[in-house]
Each structure stands twice: as structure tokens, then as C-alpha cells.
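The values are calculated or read from the model by the stated rules, or taken from the named source; none is laboratory data. None of the values given here were measured: they were computed from a predicted structure. No Cβ is skipped: glycine too gets one built from the backbone with ideal geometry, and neighbour counts run over all protein chains shown.
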There are 2 protein chains.
Amino acid sequence: MSTIPEAQTEAVIKEKAKSLFFQKGFLNATTQEIADEAGVNRALIHYYFRSRDQLMDTLLEEAVNEKRERARAVLSSALPFREKISLFIDIVVEYGLKYPYLENFIITETARNPEKVKVLCQSKIKSSDLIRKDLEEEIAKGRLLPITAEHFVINLISLCNYPLLAKTVLQNMHGMSDTAYRKFLQDRKEIIYHAIFHEPLPRIARKEEHPHPKHAK
Amino acid sequence: MSTIPEAQTEAVIKEKAKSLFFQKGFLNATTQEIADEAGVNRALIHYYFRSRDQLMDTLLEEAVNEKRERARAVLSSALPFREKISLFIDIVVEYGLKYPYLENFIITETARNPEKVKVLCQSKIKSSDLIRKDLEEEIAKGRLLPITAEHFVINLISLCNYPLLAKTVLQNMHGMSDTAYRKFLQDRKEIIYHAIFHEPLPRIARKEEHPHPKHAK
DNA sequence: GTCTATAAACAGATAGAC
DNA sequence: GTCTATCTGTTTATAGAC
């Protein structure tokens, strides 16, 4: 279409489809809706991505890899354990604020087609492996009650991700506007740290205070 | 169909559709698949339920009400607070074992059609209201770190439900068979209590030890 | 109440013109 | 690269015979 600079069609489709799926929550958006959003003809989606499924796979893989890379960087850093976890929570919640429906999409797609999970979890460096050593040390020092690394990580991720997945239910149940809901998710950063460590989140050593919510590279 | 006793067609459709949706995880089962499962003609689904949507609404409402009723009974009982919570975890996890895809279904449907949530959450007695008094008492006595009733309940439900929603991802990531996954969910009962109260789950005062996993009325 | 046959709507994908 | 037109398959829903 003439309003689009040119030759960026593929990128535009990806960007707009990503927004439709992960930000606006149109998890079942049709190729027509994607095309409309991108301001291009429907056939172009097939020209560039062959099928709707391949487009989705591409988007999902990219988004998951980006998020995982960020989490991995923190967990494998040299920071003290509790700072790692605090930053991990920050990253996961901020990512959830930016792409509120990404987790929803993953859950929906893997439930519909369990084979797809293998693409997403390949070359897997499990978070639990990255913190196992730290965790065992903390437990040995008596700073944490005994727990396996797997359950620790699953607890952490559950506390971060469930409120995203249940967004509609929670918003309705507690009568939250969209902005109130965003605030609620922000507040949960401290709540989650608190639930994990049973002590307040230290006010020091926060990487940044997010003066602007911009977070994606 | 002649193999079915008779006049129970409506009940059979409901039962089989429930199994398809909530137990087997065919969240997008077509009317044809439902009819096949029930061993009836596809047109009968429309005869009894008018449309696929109405069938789904009926199923969802019944399942949610049943689960909520059970949870409510425990939380509004006269039991000590920690026993209530322990039983609550038990109910939610056991319900998850029985209907592994119910929560998935709720999340998917409310994301697709946010209006539907109003049907599910009507006449709402919030769990957080039922335990608020208990919780404040516990906090006043110094037996629990300060937390709002809302966040407390959301933490609790997150820890119970997320592993259900992420079943496919978790199974793949940790190489769990179906039976290993069931065991994993069972184990989480103690993990969750532990995460909430930071003390081991007492071995006494458990309602039953589930000699048979049968749990629905 | 239960079936067959069919309508009606839709979505994904492709061929072929420009 | 981008468009229009069309094909194919799928699914819900209903009309009407039995």
C-alpha cells in the first residue's frame, strides 16, 4: 500500500500481528484482521509467511526467545541471589505489562497443539538449573526453607504469570479499570518478593525505577 | 441412538461434552466431535441446547458454580484459619486433577469474550472477603506478615492454578509423563502451604487421604 | 425425539493478472 | 511485490422427513 514506506511489508505484518496477538489479545485474529491491521492485502501474509501457522510460529518463537534471553541474563549473572530474583520478577512483570497476552497465547497454543511446545522449549536452559547452586547455598545457610529448584521457580513464575492469564476474571471480580489493573500488577512485584522470601523487598539495588515503561530493546 | 437407555440424551451430551472440554482438553471441540463422543446425532445438540455457545455457557456455569461452592463451604466454615487454607488448597488441586482443563477453558473463553465473565462471576461472594477477618487476626497476632486479603487469595490461587494452565510446557520442560505430572501436582499441595505460611503442612487434621481420587459429588 | 440433507457463513490458501 | 478472483475445506445451524 502506498502509505507504507516500501519494502518493509514483511516487518509491518510481523509488528502488527504481534501487537494484535500479544498486546490487544485477539488470540484468534484471522488473516484478514491481521492484514487490515497492517494495512496490506490478505494474500501478502501468505506471500511472506506461507501460512497463518508459520506466521504464528515465527512470532511466538521470537517473543519467547527474547523474554527467555532477558531472564537468563539475570539468573546467570554474578549478582547476589536475592537481587537476581528481584530483577527476575521485575523483568517478568514488566514483560507482562508490555505484552499482556503473550503468556495467554503460549498456554492456548500449546494446549491446542502440544507438539508446538517442542519448538518453544528447544535448546532449553532451564531457569531452575541456573539458580540451583544459589538456592542450595541459601538453604544451607538457613536463609530459606528447603525447596527444590523446580518448585521454587514454578512458584515464582506462577505468582508472576497467573494474574496476567486471569486478567479478565480479576478485573471483573475486583472492579478494576485497565489502569487500576496495571497498578495492581506493579504492586505485585513487592508482594511476590515478599511471598517468596517472607521479608520485605529491599529498596536498594533496584536496577531502575522505570521512569518510562519502555522496556523492549 | 438405541444403545443409550433413553430420554437421557440431554444428560449424556452434557456429560460427554464436559469430559471433552474439561478433562481431555479439546477446548475447541466441534459440535460434531461432541456428538460423536456422546454417540448421538449432531442435530440433537441444537435440539437440546440451541447453539454450541449455549451448551458451553451451561457447562461452564455449572462447573464454576460447583467448584466455587466447595471452596466457599471451606472458607466460611468455623475451622482454624490454617486448616481452612490447607483444605482450600486440597480442593482446588483435587479439582484440577479431576478437570485439568477447566481453568484453561475459563481463561480462554473470558479472553475471547470478556462479556462472558459477568455470567460466571455473578452473585459473587469473593474468597478474599471470606477470609479477611481471619487474615487480619493472624497478622495482628504476628503469625503472618502483613498482606491484603486480595493479594493473599491471588497468591494462593496462582500457586494452585498456574501449573495446571501450563501443563504442556511444564511436562515438556521437565520431561514428565502424565502420571509423573499428576504426582507433581499432588506434591504441590504441601509446597503451596509451605510457600504461603513458611512452615511445614501439619500432618494432622487432613480431612481425608484420598484412598480413591473420586472427588465430585 | 431423532435422523438426513442442505443452507449459509467463514477462513485459509492459491492462481494468475498487473 | 501486490492485487483480485476463486477454490477448498470446515463448521454451525436449520428444514423437513420419519
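For the range B:158-176, the tally of residues that are more than 7 Å from chain A (Cβ to nearest Cβ), among the hydrophobic types (A, V, I, L, M, F, W, C) and under 15 Å from the mean Cα position of the chain (by Cα) stands at 2.
Assess whether residue B:192 counts as being in a helix (DSSP H, G or I), over 14 Å from the mean Cα position of the chain (by Cα), on the phi < 0 side of the Ramachandran plot and facing chain A (nearest Cβ under 9 Å). I'd like the intermediate steps shown before the answer.
Numbers: in a helix (DSSP H, G or I): yes; over 14 Å from the mean Cα position of the chain (by Cα): yes; on the phi < 0 side of the Ramachandran plot: yes; facing chain A (nearest Cβ under 9 Å): yes.
Against the criterion (in a helix (DSSP H, G or I), over 14 Å from the mean Cα position of the chain (by Cα), on the phi < 0 side of the Ramachandran plot and facing chain A (nearest Cβ under 9 Å)), residue B:192 qualifies.
Pairs are defined by a Cβ separation below 9 Å, a sequence spacing of at least 6 or placement on different chains, a first member in the range A:174-185 that is touching a residue at least 60 places away in the same chain (Cβ under 8 Å), and a second member that is among the β-branched types (Val, Ile, Thr) and part of a helix (DSSP H, G or I); the pairs so defined are A:185/A:93. The residues on offer are A:58, A:110, and the sole one that is in a helix (DSSP H, G or I), within 16 Å of DNA strand C (Cβ to nearest atom) and under 21 Å from the mean Cα position of the chain (by Cα) is A:58.
Pick from the range B:3-18 the residues that are under 29 Å from residue A:114 (Cα atoms) and surrounded by 15 or more Cβ atoms within 10 Å (Cβ to Cβ): which of them is farthest from the other protein chains (Cβ to nearest Cβ)? It would help to see each step written out before you state the result.
Of the range B:3-18, the ones under 29 Å from residue A:114 (Cα atoms) are B:12-18.
Still in the running and surrounded by 15 or more Cβ atoms within 10 Å (Cβ to Cβ): B:12-14, B:16-18.
On the way: B:12: 25, B:13: 23, B:14: 22, B:16: 19, B:17: 17, B:18: 17 Å.
My answer is B:12.
Within the range B:1-28, the residues that satisfy the criterion of being modelled with pLDDT of 95 or more and within 8 Å of DNA strand C (Cβ to nearest atom) are B:9, B:10.
Answer yes if at least one residue in the range A:130-139 is crowded, with 17+ Cβ neighbours inside 10 Å, in contact with a Phe, Trp or Tyr (Cβ under 9 Å, 6 or more places away or on another chain) and facing chain B (nearest Cβ under 10 Å), and no otherwise. No, the conditions are met nowhere in the range A:130-139. Number of residues in the range A:48-76 that are hydroxyl-bearing (Ser, Thr, Tyr), within 16 Å of DNA strand D (Cβ to nearest atom) and either over 17 Å from residue A:15 (Cβ atoms) or touching an Asp or Glu at 6+ places or on another chain (Cβ under 6 Å) (or both) equals 2.
When residues of the range B:29-55 are filtered for being more than 11 Å from DNA strand C (Cβ to nearest atom) and more than 14 Å from every other protein chain (Cβ to nearest Cβ), how many remain? Qualifying residue count for the region: 10. Taking first residues from the range A:24-44 that are under 26 Å from residue A:96 (Cβ atoms) and partners that are hydroxyl-bearing (Ser, Thr, Tyr), the Cβ contacts under 6 Å between residues at least 6 apart in sequence or on separate chains come to A:25/A:101; A:27/A:108. The set of residues from the range B:113-129 being more than 9 Å from chain A (Cβ to nearest Cβ), in a helix (DSSP H, G or I) and surrounded by fewer than 18 Cβ atoms within 10 Å (Cβ to Cβ) comprises B:119, B:129.
Taken together, A:20, A:79 contain a single residue that is assigned to a helix (DSSP H, G or I) and away from DNA strand D (no atom under 16 Å from the Cβ), which is A:20.
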